[in-house]
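Each remark here refers to the structure printed beneath this line.
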Ligand code: ATP
Ligand code: MG
């Protein structure tokens with residue numbers, strides 16, 4: 001395509017609305033524009049990259065034996081009521097009514113729809129296994145849409161659903177998707193690591209996430225420094241610190257007038273955070289849940305939610321709830337005499353001796369508190385693992401980095417098929433629920449993540465596999481007929497070879513054209529300038545600093561060489 005015919009929307013200024021590199025660069029390169037919070041329009045350049053990523057995903061999904069489908073984004077409430085998720089999904093679901101007041105939603109995900117398709121279309125084990133996927137727009141009214149298309153309210157997802165007759169079959173389907181995901185992210189030039197993830201009430205090692213390391217990521221990933229263990233912090237089990245055994249001292253109530261935070265209490269009692277057990281109150285689906293962890297630890301909401309059978313709304317209790325449960329102001333909650341629906345006690349607290357807790361009375365704490373003698377609760381692992389703790393696999397030290405989830409593979413088992421009565425007839429003539437798996441990739445988030453990993457001060461550095469264009473041909477002076485003729489010839493030849501090539505024939509200075517090419521991240525640049533008198537042009541790779549001067553007749557083979565180097569064919 002000739003750039004004089006293209007909508008080029010590059011910006012020199014860094015837009016104020018963007019905080020992270022991928023968001024800034026997508027706006028600056030003119031790949032997308034914001035419509036509303038978390039809602040974007042894709043401009044031609046952005047759309048090209050999206051389509052390229054989609055092609056990679058399609059090829060790998062098809063190669064893994066999955067079949068493409070397209071379901072409606074608008075889903076009747078009845079399906080969600082059958083699975084029990086119409087109420088459970090909460091505020092993240094965009095809901096609407098038709099003219100007859102019937103409820104619908106804009107699909108945030110499609111388990112219900114695909115389960116419905118399976119129960120209508122698949123009757124016998126002979127039709128199994130089956131894996132259906134789609135690439136489609138999803139809607140989620142995120143609490144905090146941010147970072148451009150990293151966390152948006154409308155986004156493109158590839159979602160796949162597998163149907164098997166038994167667990168062994170599901171294992172095979174799951175492993176195929178795992179392998180397909182590894183290939184997809186490799187081909188997109190994305191360094192994504194597969195980590196163990198929380199699988200909610202289903203449990204087991206049934207869920208894995210593909211994570212890209214990123215300082216702006218919203219997940220914490222636990223890595224072992226010695227073995228290949230990697231898990232989302234939501235999932236990684238902690239190892240309780242076994243406190244030194246001490247004689248139990250007499251319980252004592254102490255006035256602590258101005259000390260309520262852990263820091264203030266550390267100063268007041270002149271001791272370490274480890275001598276405290278904090279009692280945090282949560283509002284979990286309207287119930288008051290108290291969770292006790294050692295003073296220096298963090299509560300793990302996923303672990304807490306799982307022990308409660310899976311929670312929908314999980315937030316800190318408000319002042320009124322705290323007052324009702326403790327009879328005191330915020331900052332003085334403790335396990336002794338507290339009125340809550342459930343008291344959860346982290347295992348580590350059971351191994352502490354003579355510790356300090358809130359007294360459920362404004363301005364007071366208890367000292368010399370001991371589990372078993374002074375209070376009891378439901379004991380378990382309710383806290384986040386911390387850097388330096390033991391790897392759950394090999395016992396060596398773990399470390400933690402931030403990451404962003406780009407893909408998720410999940411064994412659903414019969415969760416949806418049972419609740420929605422989706423059955424098939426097995427070999428022995430019995431009716432059984434489908435064994436299901438679901439597999440998602442955020443296409444738009446993948447695009448942003450690729451930019452996070454591939455950019456420099458001048459702009460995006462697209463991997464050739466997903467680049468919006470492979471080559472840009474830049475005539476330095478469009479008024480020079482000879483330059484234009486050679487540029488046209490090169491452009492025409494590359495186009496014929498199947499190279500996705502653009503020619504910057506705009507009436508702009510060469511410097512402007514170079515800047516735009518760099519910002520847009522086109523992998524190869526061919527500059528047609530004064531050297532044509534010697535039969536030469538400049539050839540430059542976006543990801544390398546040097547410019548080569550090559551003979552005009554070798555341009556095609558040079559481009560072919562770069563494709564081969566990237567394991568791509570023309
Ligand atoms: P997160 O923890 O980031 O909210 P999720 O667990 O809600 O993700 P899934 O329901 O597993 O995500 O969705 C599958 C994929 O869709 C994710 O791996 C991610 O790549 C993408 N995705 C999810 N939410 C968003 C969003 N708001 N914006 C862009 N992509 C998203
Ligand atoms: Mg989410």
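So for 142, 397, fewest C-beta neighbours within 10 Å to most, what's the order?
Ascending number of Cβ neighbours within 10 Å: 397, 142.
Just the number, please: Stokes-Einstein D of segment 93-192 in µm²/s, Kirkwood Rh from C-alpha pairs, 20 °C, 1.002 mPa s.
Answer, rounded: 132 µm²/s.
How far, in degrees from 0 to 90, does helix 443-453 lean away from the longest principal axis of the Cα atoms of the chain, to the nearest 10?
Roughly 80 degrees, rounded to the nearest 10.
Provide, for q = 0.12, 0.14 Å⁻¹, the log10 of I(q)/I(0) from a solvent-free Debye sum over equal Cα point scatterers in segment 329-412.
For segment 329-412, the Cα-only Debye profile gives -0.58, -0.71.
From the Cα trace of segment 269-343, what convex hull volume per residue do you get, rounded to a whole Å³?
Residue-normalised Cα hull volume stands at 89 Å³.
As a test of the definition: which semi-axes, in Å, follow for segment 380-513 when you take the square root of five times each eigenvalue of its alpha carbon gyration tensor? Largest first, please.
Those come to 53, 28, 12 Å.
Before rounding to the nearest 500, sum -39500 (n - 2.57) across all DSSP H runs of length at least 4 in the chain and divide by the residue total; then give [θ] at 222 nm in deg cm²/dmol.
One gets -8000 deg cm²/dmol as the mean residue ellipticity at 222 nm.
Of the DSSP beta bridges with both residues in segment 410-513, give the percent that are antiparallel, rounding to the nearest 5.
Percent antiparallel among DSSP bridges in segment 410-513 is about 75.
Given a cut-off of under 8 Å on Cα pairs at least six residues apart, what relative contact order in percent is computed for the chain?
It rounds to 16 percent for the chain.
Give the percent of DSSP beta bridges with both residues in the chain that are antiparallel, rounded to the nearest 5.
Within the chain, antiparallel bridges account for around 80 percent of the total.
In Å, what Rg and Dmax follow from the Cα atoms of segment 492-547?
Computed over the Cα atoms of segment 492-547, radius of gyration and Dmax are 11.8, 30 Å.
Regarding segment 469-565, what are the three Cα extents along the principal axes, ordered largest first, in Å?
35, 28, 24
Restricting the calculation to Cα positions, tell me the Rg (one decimal) and the Dmax (whole number) of segment 252-380 in Å.
Cα-based Rg and Dmax for segment 252-380 come out at 13.6, 40 Å.
Taking Cα pairs under 8 Å and at least six residues apart, what relative contact order does segment 469-565 come out at, in percent?
Taking the mean separation of contacting Cα pairs over the length of segment 469-565, I get 28 percent.
Work the Kirkwood hydrodynamic radius out for the chain: mean of 1/r over every pair of different alpha-carbon atoms, inverted, in Å.
27.4
Could you tell me the relative contact order of segment 252-380? Use alpha-carbon pairs under 8 Å, at least six residues apart, and round to a whole percent.
Computed over segment 252-380, the figure is 29 percent.
State the extension gain, in nm to one decimal, for the chain segment bounded by residue 228 and residue 428, taking 0.36 nm per residue of separation less the distance between their alpha-carbons.
Taking 0.36 nm per residue and subtracting the Cα distance, the gain is 67.8 nm.
Please identify which residues in segment 524-541 have an amide N closer than 16 Å to a label point set 7 Å out from the Cα of residue 557, following the Cα→Cβ vector.
The answer is 536-537.
Given a Förster radius of 30 Å and the C-beta distance between residue 268 and residue 373 as r, what FRET efficiency does 1/(1 + (r/R0)^6) yield to the nearest 0.05?
For R0 = 30 Å, the calculated efficiency reads 0.80.
Label residue 549 and residue 39 with points 7 Å out from Cα along Cα→Cβ: what is the distance between them in nm?
5.5
What is the helix-to-structure angle for 111-121, meaning the angle in degrees between its Cα long axis and the longest Cα principal axis of the chain, kept from 0 to 90 and rounded to the nearest 10?
70
Taking other Cβ within 10 Å of each residue's Cβ, how do 470, 393 sort, fewest first?
393, 470
Can you give me the angle between helix 167-187 and the longest principal axis of the chain, using Cα atoms only, in degrees from 0 to 90, rounded to the nearest 10?
Between helix and principal axis, roughly 50 degrees.
Could you check what % of the DSSP bridge pairs in segment 466-552 are antiparallel, to the nearest 5?
Antiparallel bridges make up about 55 percent of those DSSP assigns within segment 466-552.
If you take the beta carbon distance between residue 11 and residue 102 as r and set R0 to 56 Å, what does 1/(1 + (r/R0)^6) give as a FRET efficiency, to the nearest 0.05?
0.80
If we restrict to alpha carbons, what Rg and Dmax does segment 141-223 come to, in Å?
Spelled out, the Cα radius of gyration and Dmax of segment 141-223 are 14.9, 42 Å.
The numbers here are math on the coordinates, done by the rules we state, and not lab data. Keep in mind that this is a model prediction, so the values were computed, not measured. Cβ sites come from the backbone with ideal geometry, for glycine too, and all protein chains shown count toward neighbours.
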